[in-house]
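Trainee: Below: one structure in structure tokens.
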Amino acid sequence: MAKPNKKGPVRTVQISCAKCKAPIFKYRKGGKGALVKCFKERIVDDYTTTPGICPGCDQHFARETVIRGAPAFKIIGGKVNMK
């Protein structure tokens, strides 16, 4: 399977915790669908201290995995908001 494009999309979105509204990532997202996964190479700013855990309320919002040969976060449904 093909790897995701390293440069990726130009559009950036702000990802925040759904529970406490703390900022989590600034991410270059492609397409207009829901946020299902975040490739680590597309993350512009990372506000977390521990991967997959919200810095504000210590809630798990994602699992680390490998998708199409690239490291990524698999987002747990309803745990994050995207602007």
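Trainee: Between residues in region 31-53 that are without any contact (Cβ under 8 Å) to a residue 60 or more places away in the chain and residues that are in a loop (DSSP other than H, G, I, E, B) and aromatic (Phe, Trp, Tyr), which pairs lie under 8 Å by C-beta distance while being six or more apart or on different chains?
Mentor: Every condition considered, the pairs that remain are GLY52/PHE61; ILE53/PHE61.
Trainee: Shifting gears a bit: Taking GLY78 and the conditions (1) touching a His at 6+ places or on another chain (Cβ under 8 Å); (2) touching a residue at least 12 places away in the same chain (Cβ under 8 Å), which numbered condition does it fall short on, given that it satisfies the others?
Mentor: The number of the failed condition is (1).
Trainee: Here's a follow-up. Report the residue count in region 54-69 for those that are among the hydrophobic types (A, V, I, L, M, F, W, C) and surrounded by fewer than 16 Cβ atoms within 10 Å (Cβ to Cβ). If you could, list the steps in order and put the result at the bottom.
Mentor: Step one: filter region 54-69 for residues among the hydrophobic types (A, V, I, L, M, F, W, C), giving 54, 57, 61-62, 66-67.
Retained after the next criterion (residues that are surrounded by fewer than 16 Cβ atoms within 10 Å (Cβ to Cβ)): 57, 66.
Summing the residues that are among the hydrophobic types (A, V, I, L, M, F, W, C) and surrounded by fewer than 16 Cβ atoms within 10 Å (Cβ to Cβ) in region 54-69 gives 2.
Trainee: Return the residues of region 60-75 that are over 13 Å from the mean Cα position of the chain (by Cα) and modelled with pLDDT of 95 or more; say none if nothing qualifies.
Mentor: VAL66
Trainee: If I filter region 13-30 for residues that are surrounded by fewer than 11 Cβ atoms within 10 Å (Cβ to Cβ) and modelled with pLDDT under 95, do I get at least one hit?
Mentor: No, the conditions are met nowhere in region 13-30.
The values are calculated or read from the model by the stated rules, or taken from the named source; none is laboratory data. The structure presented is a predicted model; accordingly, all values stated were derived computationally and were not measured. So basically every Cβ, Gly included, is an ideal-geometry build from the backbone, and we count neighbours across all protein chains shown.
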